[in-house]
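Novice: One structure follows; several queries about it will come next.
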Amino acid sequence: MTTHHAHPSLDILVTGALFRQYKLLERIGVGGQGVVWSVLEPGQKRILAIKFSEIPDGDQAWAEDARADQQLNRLIELQHPHILPFLDYGFDNNLRFTISPYVPGHTLAHKTRMANLPFNEILRYGLEVASALDYLHQEGIIHRDLKTSNILLDMSGHAYLADFGLARVITSSTLAFHTGHGTPPYASPEQIQARQITPRSDIFSFGILLYEMFTGHLPWNGKKQLGMEQTHSRQEIPDPREDNERLPPLTVEVLRRATSADPQLRPPSAGEVMRLLLGVFKVSSSNLPGWTSPKGTQNRDVDELLQQGLAQWKSTNGLYNLGLTNFVLVDFEREKINTNATRRFMLSQALTYGYHDDEWWSIVGNPRERIAVSSEVLGKKNEAITGRVVSRLMGDRAIQALPDALTETMTSALLETGTKTGNALLRKQIFDGMRALAKPGQAWTDSDSDTEQLRKLGSLALEDSEGGDSAAELIGHLHSPTAVQVVLDQSDDDRKHDTLLLIQREAGGLPPIVPGSIRFRLFVESFMHRLIQQPINLFGAYAMAFLGAASGIGIQVYATYRLPEFFDVARITTAIEQGLIIGSMFGLGIFISRIVMERFQTPATFLRIVLGTITGGLVINLSLFIFHVLFLNTPPTGLLITAGSAFIALAFSVSSLFNSRLVKTGLSILSILTAILGTWIIHITFSASPVDLTPMFRYDYAWPPSQILFTATSASILMGALSQFVNLSIKND
C-alpha cells in the first residue's frame with residue numbers, strides 16, 4: 001500500500017508568509033474546491049492569484065492528481081481574451097496550487113446580487129462568456145463548473161471565465177469517462193446522475209447563468225434545482241418574465257432550449273444561444289456598449305480602483321477599505337497618480353494594511369494632515385491598526401511638538417480600544433502614547449461620553465502589572481475623577497494606595513473626592529518612597545557632596561593656616577581633619593537642598609525652593625558655626641554666614657530646575673564663590689573690628705585680591721562640581 005505524508009491545513013496560509021517566491025497578501029476567495037490568495041511577486045511589481053486545494057488521502061486521490069497534472073499541462077496553453085489564463089501550477093507540501101493573474105473587481109455573482117443589470121450589459125457579459133466557452137469546447141475542454149461566481153469582472157466591466165478546477169480535456173476515446181461534478185444549481189441532469197457529459201453540459205449551465213442575470217436570482221431562488229428535477233420529470237426552467245416583465249416574450253424559449261433535459265435538444269454552442277438571444281432582443285453585438293477587447297485594461301483598472309475608492313472613502317468619512325490587494329495594485333502606480341489629491345486616502349489605506357505606511361506617512365508632510373488621517377483610521381476600531389497609528393504618532397517629532405496632538409475624537413477612540421483589548425502590550429502602548437500625545441487635563445472633570453471607558457480605565461489601573469501602572473498614570477494625565485472613584489471603591493487597600501500614588505505623581509495632586517485621611521497617608525508614603533528610591537544614587541550624591549565640601553574646606557584651611565612651612569605636617573593634618581568634620585555637615589546641607597527639590601514632589605515649585613533653601617541653609621550655617629567655634633575659637637557675629645549659607649542653598653535649589661548638568665554645575669560653583677567672596681568683601685568693608693560681621697571663611701588681610709580669588713575659586717569649583725556629579729531626579733518611577 002502506498003503511504004502519504006500528513007496533509008497540511010489551508011489554515012497555515014497567513015498574510016505576509018512566503019509561498020515559494022511569492023508573498024501572501026490576503027485571502028480573496030474560498031469555496032468547496034479550496035481557497036484563493038492574492039500574492040505579490042517581489043521585484044516584478046505584479047500581483048497574482050493562487051488557488052490552493054488540499055490533496056485528499058488515498059491512492060485514488062493521487063491517481064486523480066496525476067490526471068489533473070495532465071489536464072493542467074493542456075489548460076496552461078489556453079489563450080483567449082475572456083479566459084483567465086494559467087501561469088503555473090504544481091504541488092507543494094501536499095497542496096495543489098494553480099497561479100493566475102489577479103483581476104481587480106468582483107465576480108458576476110456579486111454584481112448580479114447588487115442590482116438589476118441592464119439588458120445590454122447582460123448581453124455583453126453573455127457574449128464574452130460564450131466566446132470563452134466556445135473556445136474551450138473547440139480545444140476539447142469541458143469546464144464542468146460554469147456559474148456566476150466563476151466569472152470575474154475587471155474594473156472596466158470585462159468578463160473572464162475562471163476556476164478550471166473541474167475542467168476536463170476530452171477526446172473521442174476518453175469522452176465516456178468524463179462524468180459528474182459541478183455545482184448543483186447549475187449542474188445538468190447528466191452531471192447529477194454521473195452520466196457521460198459533453199460540451200452541451202456547459203450549455204445547460206450557461207442557460208442557468210443567463211437566467212440568473214436576467215432575474216437577479218437562481219430558478220426558484222435556489223430552493224429547487226432544475227437539473228435534479230429533470231432526472232425524474234420533464235420540468236422546464238421558469239419564465240424569467242415573472243420577475244422581469246420588460247424581457248421580450250421569447251426569452252424563455254431560448255433559455256428552455258439551452259436547459260433542455262435532453263442534451264441533443266440544446267443549442268450546439270454558447271455562441272448559438274447568444275445569437276438566438278440577440279435576435280429576441282433585436283440587437284447586434286456591434287451595438288452593445290463596451291463590446292471590445294479587454295487588452296490594455298490594467299491602467300484603466302488602477303485608475304478606476306483609485307477613483308471609486310477615493311469617492312467611497314470620502315462618503316464614509318474615512319472608514320472605507322480598498323482591500324490590501326487593490327491597495328498594493330494602486331501603490332505600484334504611485335508615480336503615475338496625483339498624490340496631492342489622493343495622499344490622505346492612500347495614507348489611510350497604508351495605515352490600515354501596514355503596507356508602505358512609512359513612505360505614505362512621509363508623503364503626507366503636514367503633521368495636521370497626518371493627525372486628521374490617523375483620526376479617521378482610528379474610527380475603524382481595529383487593534384492592529386490602532387497599534388500601527390500609535391507607533392507612527394509616537395515616532396513623529398513634529399506631531400509630538402504640537403500642544404494638541406490628539407483630538408477629543410482620537411482620545412475617545414484610543415481609550416475605547418485600550419480598555420477593551422485583551423492584548424496587554426497593545427494596552428500599554430496605547431496608554432503610554434496617550435500620555436505622550438494628549439493634552440494634560442487642567443481640572444478634575446470628565447466628558448460624559450467617555451464615562452464607561454473611564455470606569456474601565458479605573459478598573460484596569462487596579463491591576464498589579466505594567467499595564468495597570470500605565471492605566472493609573474493615564475488617569476492622572478487625564479485628571480479623571482470618574483476613574484479615581486473606581487479606584488477609591490477598591491477593597492484592597494494596598495493596591496488602592498499604590499494606584500492613587502501613581503495617579504498623584506502624574507497629576508501633581510488628587511481630586512477633592514479623595515478623603516483627607518487617604519491624602520495624608522499618600523503624602524507620607526510618597527515622600528518616603530521618593531526619599532529612599534534609588535539608594536545607590538542617594539549614597540553617591542551625598543558622598544560626592546561630602547567629598548566636594550571636605551576638599552574645598554580643606555583647601556581653605558590649608559591655604560589660610562598660619563605656619564611658616566607650606567608643606568608642614570601640622571598644616572596638612574589640620575586641613576584634612578577640619579575638612580572631613582566640617583565637610584560632612586556642609587555637604588549634608590547641599591544634599592538636603594537637592595533632596596527637597598528633586599525628590600519631594602509638589603505642584604508648588606516655589607514652596608519646594610523655599611523649603612530647600614531653609615533646610616539646606618540651616619545645616620550649612622550650622623556647619624560653619626561649628627567651624628568658627630571649634631577650630632577658629634571665634635564665635636561668629638552678624639548675619640553674613642547665615643545669608644551666605646541661605647544663598648548657597650537657594651542656588652542649589654534653583655539649579656535643580658534645570659536639566660543641563662553644565663548649567664547646574666556652573667550655577668552651583670558661581671553661588672559658592674559669590675557667597676565666600678561676598679561675605680569677605682562685606683566684612684573688610686563694613687566691619688569695625690576683625691570679630692564683627694564674621695565672613696564664611698577668613699583670609700589674611702595682607703593677601704592680594706588675586707590670592708584670595710584663587711583660593712576661593714579652587715574651593716568653589718571642588719564643592720560645586722562634585723556636589724552636582726550624581727543625578728538625584730526621578731523622572732520615571
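Novice: Can you name the residue in region 683-720 that is among the aliphatic types (A, V, I, L, M), out of contact with any helix residue (DSSP H, G or I) (no Cβ under 6 Å at 6 or more places or on another chain) and modelled with pLDDT of 90 or more and is also farthest from residue 654 (Cα to Cα) among such residues?
Specialist: Across region 683-720, the extreme among qualifying residues is 684.
Novice: Go through region 449-499 and give me each residue that's within 17 Å of residue 411 (Cβ to Cβ), open to solvent by 60 Å² or more (accessible area, probe 1.4 Å) and hydroxyl-bearing (Ser, Thr, Tyr).
Specialist: 449 - this is the single residue of region 449-499 that is within 17 Å of residue 411 (Cβ to Cβ), open to solvent by 60 Å² or more (accessible area, probe 1.4 Å) and hydroxyl-bearing (Ser, Thr, Tyr).
Novice: Next question. How many of the residues in region 346-398 are in a loop (DSSP other than H, G, I, E, B) and of a type in the set (Lys, Arg)?
Specialist: Number satisfying all stated conditions: 2.
Novice: In region 488-562, which helices (runs of 4 or more DSSP H) lie fully inside it and hold 3 or more residues that are within 41 Å of the chain's Cα centre (by Cα) and modelled with pLDDT of 85 or more?
Specialist: Because the criterion is at least 3 residues that are within 41 Å of the chain's Cα centre (by Cα) and modelled with pLDDT of 85 or more, the helices (runs of 4 or more DSSP H) in region 488-562 that meet it are 493-507.
Novice: A follow-up question, please. From the list 581, 620, 553, 641, which residue is out of contact with any Asp or Glu (no Cβ under 9 Å at 6 or more places or on another chain), open to solvent by 30 Å² or more (accessible area, probe 1.4 Å) and not acidic (Asp, Glu)?
Specialist: Just a single option satisfies the conditions, and that option is 581.
Novice: If residue 124 satisfies every condition in (1) modelled with pLDDT of 90 or more; (2) part of a loop (DSSP other than H, G, I, E, B); (3) of a type in the set (Lys, Arg) but one, which is the exception?
Specialist: All conditions pass for residue 124, except number (2).
Novice: Might you check whether a residue that is part of a helix (DSSP H, G or I) and touching a residue at least 60 places away in the same chain (Cβ under 8 Å) occurs anywhere in region 420-433?
Specialist: no
Novice: From the list 392, 427, which residue is at negative phi, open to solvent by less than 60 Å² (accessible area, probe 1.4 Å) and within 14 Å of the chain's Cα centre (by Cα)?
Specialist: 427
Novice: Pick from region 399-419 the residues that are in a helix (DSSP H, G or I) and among the polar types (S, T, N, Q): which of them is farthest from residue 358 (Cα to Cα)?
Specialist: Among residues in region 399-419 that are in a helix (DSSP H, G or I) and among the polar types (S, T, N, Q), the one farthest from residue 358 (Cα to Cα) is 419.
Novice: What do you reckon, is residue 208 over 53 Å from the mean Cα position of the chain (by Cα), within 24 Å of residue 137 (Cβ to Cβ), surrounded by 15 or more Cβ atoms within 10 Å (Cβ to Cβ) and β-branched (Val, Ile, Thr)?
Specialist: no
Novice: Just one of 442, 453 is free of Cβ contacts under 8 Å to residues at least 40 places away in the same chain and either over 22 Å from residue 404 (Cβ atoms) or over 16 Å from the mean Cα position of the chain (by Cα) (or both); which is it?
Specialist: 442
Novice: While we're looking at this one, here's another question. Return the residues of region 191-212 that are touching a Lys or Arg at 6+ places or on another chain (Cβ under 9 Å) and part of a helix (DSSP H, G or I); say none if nothing qualifies.
Specialist: 191, 200, 201, 202, 203, 204, 205, 207, 208, 209, 212
Novice: Right, here's the next one. In region 146-156, what count of residues is obtained for those that are over 17 Å from residue 49 (Cβ atoms) and modelled with pLDDT of 90 or more?
Specialist: 3
Novice: Follow-up. Look at residue 321 and say whether it is at negative phi, modelled with pLDDT of 90 or more and surrounded by fewer than 21 Cβ atoms within 10 Å (Cβ to Cβ).
Specialist: So residue 321 passes the test.
Novice: Okay, next question. Taking the criterion of being under 19 Å from residue 556 (Cα atoms) and surrounded by fewer than 16 Cβ atoms within 10 Å (Cβ to Cβ), would at least one residue in region 645-663 satisfy it?
Specialist: No, the conditions are met nowhere in region 645-663.
Novice: Quick check on my filter: what residues within region 127-151 are among the small types (Gly, Ala, Ser) and either part of a helix (DSSP H, G or I) or on the phi < 0 side of the Ramachandran plot (or both)?
Specialist: 130, 131, 132, 149 - these are the residues of region 127-151 that are among the small types (Gly, Ala, Ser) and either part of a helix (DSSP H, G or I) or on the phi < 0 side of the Ramachandran plot (or both).
Novice: Please determine, by comparing only the residues of region 333-351 that are modelled with pLDDT under 90 and not hydroxyl-bearing (Ser, Thr, Tyr), which one is most open to solvent (accessible area, probe 1.4 Å).
Specialist: Looking at residues that are modelled with pLDDT under 90 and not hydroxyl-bearing (Ser, Thr, Tyr), I get 335.
Novice: Next question, about the same structure. Filter region 243-287 down to the residues that are in a loop (DSSP other than H, G, I, E, B) and among the β-branched types (Val, Ile, Thr), then identify the one that is least open to solvent (accessible area, probe 1.4 Å).
Specialist: Checked region 243-287; the qualifying residue least open to solvent (accessible area, probe 1.4 Å) is 259.
Novice: Moving on. Please list, ordered by first then second residue, the pairs with beta carbon atoms under 6 Å, 6 or more apart or interchain, first in region 386-404 and among the β-branched types (Val, Ile, Thr), second surrounded by fewer than 19 Cβ atoms within 10 Å (Cβ to Cβ).
Specialist: Listed by first residue and then by second, the contacts come to 399/367.
Novice: Would you point out the residue of region 683-705, among those that are of a type in the set (S, T, N, Q) and open to solvent by less than 80 Å² (accessible area, probe 1.4 Å), that is farthest from residue 643 (Cα to Cα)?
Specialist: Top of the filtered list is 689.
The values are calculated or read from the model by the stated rules, or taken from the named source; none is laboratory data. The shown structure was predicted, so the numbers you read here are calculated from the model rather than taken from an experiment. Cβ atoms come from the backbone with ideal geometry, glycine included; neighbour counts cover every protein chain shown. Keep in mind that these areas ignore ligands, DNA and RNA; they rest on the heavy atoms of the full protein, side chains included. Shrake-Rupley method; radii C 1.70, N 1.55, O 1.52, S 1.80 Å.
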